[in-house]
Structure formats: C-alpha cells, structure tokens
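The values are calculated or read from the model by the stated rules, or taken from the named source; none is laboratory data. Everything numeric here is computed off the predicted structure, so don't read it as measured data. Positions of Cβ are backbone-derived with ideal geometry, glycine not excepted, and every protein chain shown enters the neighbour counts.
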C-alpha cells in the first residue's frame, strides 16, 4: 500500500509539472477553546469553519488551497490565548483568523495580535457588548450578535412565560457581566424583579454556598449566565442536589447537549441561542450532514465566518491581510447576488468574473459599522431530554 501511495504522489507531481501549474497554500487560523469551559462545543464549531474553508480550497484565486491551522484559546486565559494567536500569525503565517470564541480572550487577541498586525478576525461566538466599540483597527467582526440584544430578547422571553421574579448568577468575566447587565436592565424595564445578581467563579468543586445565597433571595426561578462545562453547570447541579431550583433560564454559553447529562434532569429549562430557521440555516444543516459533521451551538456562525474569510480573499484578488480586512463587509453585505451555505464556489466564481455577492449564509449575516450582525435568536426548551426550538425571535 505504501508503494502504491508513493506512485500516486509521483504521478500527481509529474502531472503538475507537465501542466506548469503550481498550487499555492494559504493558511487560516482557527482559534477556539479546545480546552476549558466550552470544550464540548468547540470541536463542532471548528469542523464547521473548516468545512467552509474546504469548499473554497482549490477554487479561489485561480486554484490556491486553504489550510486551517488550529490554536487553543482556552476561552478563559487571555495570556495563553494571545500566545496561541501570536504563534498562528508570526510562526504559521496565517492571513486571517476564524475566532476566537469567548469574549475576554477574543478581545485580548484582537487588541494584542489582530489589530497590530492587521489580521482580520471573525468570531462566531464572542458576544460581549464591549466588543462593539473597542479600538480594533477595523480588523474585528463577528457573526454572533451582541449580548446587548440577547439580554433584551431573553428578558422578553422570560416575561412572556409569566415569570416576574428571578435570581441571576453569571460567570465573573466580560461575557457574564455584560450579559447579566443587559438582561437585568431589560427585565426591570418591562416590569420584572431581580432579587439578586451574583457572580460565580469557574473551576470550583462546590457551589452550594452560591446556590444558598441565590435561593435565600426569595426567587423561585434562576437565570444562569455562564458556561456549559464549567461554573454554570456546577450551579445547576448544586441547585438540583439541594432542591433549591428545578428548572433554569439560560443564555447561549449554557446551551449544549453536555448539560443534559446533569443528575436530576433539567426538563422545562429554557433559554436563548443565536440562530434561525431560515432557508440558509436549513441549507447549512444539509451541507453539514452531507459532509458527515455534527451541528450545534455556534456551528452555523463558525461556518459563515470561514466562508466570509475565503470570499473576502477572492474579492481582494489575493491572500493579502489588508485586502481581506477591506473586503469582509463587501462580500457579506448587500448589494449583490445572495450566497447561501454550499454555494461558496458559486460566490468565488461571481467575484472572479467581476460581480458582487451578498453572503447571507446560515445566520443571515449583515455587518453594521462596528462589524456586528443584527442576528436572530432561537428560544429553546428542554423537552423529552433534549433542546427543542420553541420560537425564533
């Protein structure tokens, strides 16, 4: 088998030499928390982004291939995330970055690596409102909407279910604090009552004291704004163990199938997650299934981020970092022919022929002046032991 493989390689090399074609390689960074508090979500996100890049590979810029180079953001360690990004940019020579994921590390990478080096970053999941207005040298975009909006949507969902009083716990970082402020402010504005708003630290073995304080506040409903594989999960397990709360109100960072395995079950738990039931979302599900990859939270947004990076290269006419940055909004926003999942090659062809495209993708991408999308949200509820879509907002 080895000799046959070697003969195949030699034949391919000979064919390339005879044709005079030289296939160039472009590297794109994929930096996500492959370890840390959302590690159960990131493999699917990476697979989705790399699926989009593979659709473009060998087709854009007259035949250049795209290689994805992964880096671990850890989600929570800004220094480690920055070091990983510096390796991608300075050692691996990536021309753009798909990522990062959690808001704190994403901001650190954008400020310390992306902006100084003029490297485009498109995050599929960093949602802190603070990322809308920081000084990023124009390199930062995201396909997930800001928590300034998610907080309002979640507050409206809670109130629509006849719930007037809640306790709130949030992971003690930029993401948790920003989302908690957005939710509590919106909930109070529509007549809701927040009995307590308390931070929790990730990485603890015991959350019984935190749950005791939340329960003592008098609320019978608990909003958990944290991470599915870390402190948020610990809060929920401690609540179930003590009987303090038996259903939970969640936002994006808490929604993942791994949460369904907590002892005692979370039937009736509900929350919000960026996503839609659009034609593009359904096409993404079909494309992912055909490729044999799973879908999950932020997979659609990751696919879109990868697709936009590739299409921006084609629009720029090269894999130049500055050209990619300059063309991200051009390929993602109207006007132009609408491009959906599975149509990346079509978008490349239109651009190569001098046309315009409007990449809507799986998440209805349209960037504003801050590089933020408006986005839509799914209202999910645990029924029969799994998350099901109740409504799209």
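Exactly one residue out of 105, 119, 94 is modelled with pLDDT of 95 or more, out of contact with any strand residue (DSSP E or B) (no Cβ under 8 Å at 6 or more places or on another chain) and crowded, with 24+ Cβ neighbours inside 10 Å, and it is 105. Of the numbered criteria (1) at pLDDT below 95; (2) within 23 Å of residue 68 (Cα to Cα), the one residue 8 fails is (2). Do you know which residues across region 95-106 are out of contact with any helix residue (DSSP H, G or I) (no Cβ under 6 Å at 6 or more places or on another chain) and part of a helix (DSSP H, G or I)? The answer is 106, and nothing else.
Residues satisfying the criterion are absent from region 176-198 (criterion: assigned to a strand (DSSP E or B), surrounded by 23 or more Cβ atoms within 10 Å (Cβ to Cβ) and touching a strand residue (DSSP E or B) at 6+ places or on another chain (Cβ under 9 Å)). Going by the structure shown, is residue 29 surrounded by 20 or more Cβ atoms within 10 Å (Cβ to Cβ), at pLDDT 95 or above and over 27 Å from residue 349 (Cβ atoms)? No, not satisfied. Annotation note: of 379, 388, the sole residue that is at pLDDT 95 or above, touching a helix residue (DSSP H, G or I) at 6+ places or on another chain (Cβ under 7 Å) and assigned to a strand (DSSP E or B) is 379.
Being farther than 14 Å from residue 269 by Cα, outside any helix (DSSP H, G or I) and in contact (Cβ under 8 Å) with a residue 40 or more places away in the chain is the filter here; which residues of region 146-165 pass it?
146, 165
Checked against (1) within 30 Å of residue 172 (Cα to Cα); (2) buried (at least 24 other Cβ atoms within 10 Å of the Cβ), residue 244 passes all but a single condition, namely (2).
Residues in region 137-171 that are touching a strand residue (DSSP E or B) at 6+ places or on another chain (Cβ under 8 Å) and under 30 Å from residue 117 (Cα atoms) were compared, and the one that is surrounded by the most Cβ atoms within 10 Å (Cβ to Cβ) is 143.
There is no residue in region 43-55 that is at negative phi, in the same structural domain as residue 347 (by TED's automatic domain parsing) and in a strand (DSSP E or B). Selection of region 268-324 for residues being more than 22 Å from residue 46 (Cβ to Cβ), touching a residue at least 12 places away in the same chain (Cβ under 8 Å) and in a helix (DSSP H, G or I) yields 279, 314, 315, 322. Looking only at residues that are free of Cβ contacts under 8 Å to residues at least 60 places away in the same chain and buried (at least 24 other Cβ atoms within 10 Å of the Cβ) in region 201-225, which one is farthest from residue 181 (Cα to Cα)? So, considering only residues that are free of Cβ contacts under 8 Å to residues at least 60 places away in the same chain and buried (at least 24 other Cβ atoms within 10 Å of the Cβ), the one farthest from residue 181 (Cα to Cα) is 211. Of the listed requirements (1) more than 22 Å from residue 364 (Cβ to Cβ); (2) in contact with a helix residue (DSSP H, G or I) (Cβ under 7 Å, 6 or more places away or on another chain), residue 129 misses just one: (1). Restricting region 334-361 to residues that are assigned to a helix (DSSP H, G or I) and more than 21 Å from the chain's Cα centre (by Cα), the residue that is nearest to residue 55 (Cα to Cα) is 345.
Results for (1) modelled with pLDDT of 95 or more; (2) out of contact with any helix residue (DSSP H, G or I) (no Cβ under 6 Å at 6 or more places or on another chain); (3) within 28 Å of residue 160 (Cα to Cα), shown as yes or no for each residue.
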{"position": "236", "(1), (2), (3)": "yes, yes, yes"}
{"position": "254", "(1), (2), (3)": "yes, no, yes"}
{"position": "266", "(1), (2), (3)": "yes, yes, yes"}
{"position": "285", "(1), (2), (3)": "yes, yes, no"}
{"position": "307", "(1), (2), (3)": "yes, no, no"}
{"position": "317", "(1), (2), (3)": "yes, yes, no"}
